[in-house]
1. Where residues in the range 387-409 are part of a loop (DSSP other than H, G, I, E, B) and at pLDDT below 90, which of them is surrounded by the most Cβ atoms within 10 Å (Cβ to Cβ)?
2. Tally up the residues in the range 320-348 that are buried (at least 19 other Cβ atoms within 10 Å of the Cβ), over 19 Å from the mean Cα position of the chain (by Cα) and not aliphatic (A, V, I, L, M), please.
3. If I ask for residues that are surrounded by 11 or more Cβ atoms within 10 Å (Cβ to Cβ), of a type outside the set (D, E, K, R) and at pLDDT below 75, which ones from the range 228-237 would you list?
4. Considering only residues that are in a loop (DSSP other than H, G, I, E, B) and aliphatic (A, V, I, L, M), which ones fall in the range 110-124?
5. Of everything in the range 186-204, what is open to solvent by 20 Å² or more (accessible area, probe 1.4 Å) and over 22 Å from Ala399 (Cβ atoms)? Give them in sequence order.
6. Any residue at all in the range 219-227 that is closer than 29 Å to Val285 by Cα and modelled with pLDDT under 90?
7. Somewhere in the range 277-297, is a residue over 26 Å from the mean Cα position of the chain (by Cα), open to solvent by 10 Å² or more (accessible area, probe 1.4 Å) and under 25 Å from Ala44 (Cβ atoms)?
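The values are calculated or read from the model by the stated rules, or taken from the named source; none is laboratory data. Since this is a predicted model, take the numbers as computed values, not measurements. Positions of Cβ are generated from backbone atoms using ideal geometry, with glycine treated the same way; all protein chains shown enter the neighbour counts. What goes into the accessible areas is simple: the full protein's heavy atoms, side chains included, and nothing from ligands, DNA or RNA. Shrake-Rupley method; radii C 1.70, N 1.55, O 1.52, S 1.80 Å.
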Amino acid sequence: MIADLGLIAGVALLIWLALRGVNILLAVLLSILLIGLTNSIPIADVFLKHFPFGASGAFSFAGNFLLLFLCGGLFGRVMATSHAAQGVAMGIARRLGQRQALWIAMLVCALLTYGGVVVFVVMFTMYPIGVTLMRTANIPRRIYAAAIALGAGTFTMTALPGTPSIHNVIAARSLGTDLFAGGWLGIVAALVMMFVGMWYLQWQWRRAVANGENYVANDKDQQMAALAPSDDAHLPSLLRSIAPVVIVLATIVLPRLLQSFGLAYEWQSFAAGQPVLWASFALLVGSLSCWLLFAPLRGQFVTAAGRGVDDAMLPLINTAAVIGFGGVVIQTSGFHEFAGWLLGLEIPSLLSVFVSANLISGVTASASGGLQIFMSSLAPEYLADGVAPELLHRIANLAAGGLDSLPHSGAVIALFTLMGLSHKEAYKDIFVVTVLIPMLAALVAVVAALLL
């Protein structure tokens, strides 16, 4: 009884500390201390074995995925420094018109994150431009924030095949699949997230205007407006700006494309068997293409690369900390009872995957953290039960992207901090587009897989 209560208290403490804005690494260390003490796990094992080096250890994860985070941070930074990210945003804005501000925010965030730009870089790119869009179209800040979340943190993160996102790579590395596994299910789910999410945001915008809710500037807006391009004529064209993103995706898809034409090379099997290295290579190729395409970047490339490394380290440490928390949790009897309950549910295996991956991601407030824990602790049982690796890859990805965005999610807190919003003001819309609708999309994918 004490052990189970301690596990629940440890999870609750992590959530409470995260909502209070406590550094996530510190919050994790305090939480695992409580779990270790109440579950009679030797403290030395907690901090020197299970947290850092276990199958779901923080350092184990960081070592395996360091290169991917570094290359992602580099690509995101050179896209920002070269103004290619802004070029994509302003190019799409010119073509759609500022009255389509919500579509602009969602599409730009989706294109950048699908191509491998780190989500935090995307947020910083879209907010300065968003100040102009919100003011011109009279969009309440909470709704614009939800549009950013929809584009950057839903379907490109877990659904669309081929993306070099950490979630897609975790599943591929764990299951021996490639980045396109379960692709048709991912596309179906992505369409649900995109169109249902945008319908909801447009509906909320109309309701807000009808109720007299308008855009109101704050100090954050004035600071960010100064960072927006004052003369977008000097930005690179949309075609040039989006080229590095296309190059990243083309590099990832190239081995599969050649294989479909019957052209076999040794590096194709390498690409399929080493998703971390191949996705990292694609991001590196995209970064070098920025150096070639944007002359002003060349003199700043080394500095931008250094800042890209800095950009990568905080997300890597935070993600690794959450995964290390899970590495301690899975040592408890309460977790094994919970896992046994999940696996013993009298429901189809894919529906059980949906439930279990969602719940684990909800506890950790991290899709990548929850997915890694799921893959190391529960995935072998589902494979033994006959679930195809390709289906498990995509359904687990989709499910992990549901409850990961609860109020203590680091990405949610970062977005609210950036835009000067509170949970009370804006979380309802974020909850709908990043929790409810992705869960609906995952269920649609489960049903489609069961029927077809």
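1. Step one: of the range 387-409, the residues part of a loop (DSSP other than H, G, I, E, B) are 387-388, 401-402, 406-409.
From what's left, at pLDDT below 90: 406-409.
On the way: Leu406: 21, Pro407: 15, His408: 22, Ser409: 25.
Applying the filter and picking the extreme gives Ser409.
2. 6
3. Result: Ala228, Pro229.
4. First, the residues of the range 110-124 that are in a loop (DSSP other than H, G, I, E, B): 115-118.
Listed by number, the residues that qualify are Val117, Val118.
5. Trp199, Gln202, Trp203
6. Taking the range 219-227 and keeping what is closer than 29 Å to Val285 by Cα, we get 227.
From what's left, modelled with pLDDT under 90: 227.
Within the range 219-227 (the criterion being closer than 29 Å to Val285 by Cα and modelled with pLDDT under 90), the answer is yes, since at least one residue qualifies.
7. Within the range 277-297, none of the residues are over 26 Å from the mean Cα position of the chain (by Cα), open to solvent by 10 Å² or more (accessible area, probe 1.4 Å) and under 25 Å from Ala44 (Cβ atoms).
Residue-wise test of (1) assigned to a loop (DSSP other than H, G, I, E, B); (2) touching a Ser or Thr at 6+ places or on another chain (Cβ under 6 Å); (3) not charged (D, E, K, R).
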residue	(1), (2), (3)
Val285	no, yes, yes
Ala305	no, no, yes
Asn318	no, no, yes
Gly327	no, yes, yes
Glu337	no, no, no
Glu346	yes, no, no
Val353	no, no, yes
Ser356	no, no, yes
